[in-house]
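One structure is given below, encoded as structure tokens.
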Amino acid sequence: MRRGVRFALIALGLLVATGIAVAMPARVAETPLRASFEAIAAPPGWRATDEAPETILRPDDRAPLRLARGYAKGPEIEWVLVEYFPTQDETRRATAREFVFPAQGWSQLTEQGVSLPIGAGAAAVPANLVQIEVNKQRYAVLYWYQIGGIPTPSDHRYRAHLLYNQLVRGRSDGALIRIASPLATGEDGGAALARQTDFLRVFYPALLGSLPR
């Protein structure tokens, strides 16, 4: 199926589902975290450090709950920004494209879909990898949505899962997860992705312990 037709069908499905959701009685309650973000300890061999500057990971002020923290191991640093919405609608929900990129003074170098072998049983977590440059420094930024136990890098699929959960499960919680780090001189996106994946293998299980399933 051609990409344009597929996107048109997805958009049509979202419009229909949105109409159904609007017509149904409101019955969505807030879904709390299973455990506070503050309870997430630094992974073994890592230490907590300053959170990422907002020029790299710009926060969404609409998010009621947030984990913003840096982790360092030797010369390596990984910045984490997880924003959790206990309940969402079209005026207050995680929106990646508005917040993944710095507001100004940056250049986007590349963007690609990637698969991270960090899930339970080494299951792959789909994500987006973006390389940006700010003040002549390059950064690698990973991001994806997490809704229940389902990770997705796609805004359309995220909205579809959100509507399904609202209609079937009576909940509309979700999170936007971003991981960023500066690239060393001469380091390419593949090398950055490899070390970010190594970090996430030890960090992601602890994060899932806080997020609802």
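The values are calculated or read from the model by the stated rules, or taken from the named source; none is laboratory data. Because the structure is predicted, anything quoted here is derived from the model rather than measured. Cβ: placed from backbone, ideal geometry, glycine included. Neighbour counts: every protein chain shown.
Applying the condition of being out of contact with any helix residue (DSSP H, G or I) (no Cβ under 8 Å at 6 or more places or on another chain) and among the hydrophobic types (A, V, I, L, M, F, W, C) to the stretch 145-186 and asking which residue is farthest from I118 (Cα to Cα) yields V168. Being out of contact with any His (no Cβ under 7 Å at 6 or more places or on another chain) and either among the hydrophobic types (A, V, I, L, M, F, W, C) or modelled with pLDDT under 90 (or both) holds for only one residue in I147, I179, and it is I179. Restricting the stretch 57-82 to residues that are within 23 Å of R201 (Cα to Cα) and not in a strand (DSSP E or B) leaves a set whose member that is modelled with the lowest pLDDT is L57. Taking (1) surrounded by fewer than 18 Cβ atoms within 10 Å (Cβ to Cβ); (2) in contact (Cβ under 8 Å) with a residue 60 or more places away in the chain; (3) farther than 21 Å from P59 by Cβ; (4) in contact with a strand residue (DSSP E or B) (Cβ under 6 Å, 6 or more places away or on another chain) in turn, A124 satisfies each apart from (2).
Under the condition of being assigned to a helix (DSSP H, G or I) and either at pLDDT below 90 or surrounded by 14 or more Cβ atoms within 10 Å (Cβ to Cβ) (or both), the residues counted in the stretch 10-56 number 15. Summed over the stretch 56-94, residues that are among the small types (G, A, S), more than 28 Å from Y164 (Cα to Cα) and in contact (Cβ under 8 Å) with a residue 24 or more places away in the chain total 1.
Residues in the stretch 142-155: is at least one within 24 Å of Q88 (Cβ to Cβ), surrounded by 17 or more Cβ atoms within 10 Å (Cβ to Cβ) and of a type in the set (D, E)? Checked against the condition, which is being within 24 Å of Q88 (Cβ to Cβ), surrounded by 17 or more Cβ atoms within 10 Å (Cβ to Cβ) and of a type in the set (D, E), the stretch 142-155 yields no hits at all. Filtering R201, R178, R213 for residues that are in contact (Cβ under 8 Å) with a residue 24 or more places away in the chain, buried (at least 17 other Cβ atoms within 10 Å of the Cβ), at negative phi and charged (D, E, K, R) leaves a single hit, R178. Look at the stretch 105-116: where a residue is touching a residue at least 12 places away in the same chain (Cβ under 8 Å) and a partner is of a type in the set (F, W, Y) and surrounded by 13 or more Cβ atoms within 10 Å (Cβ to Cβ), sitting 6+ places away or on another chain with Cβ atoms under 7 Å, you get Q108/F101.
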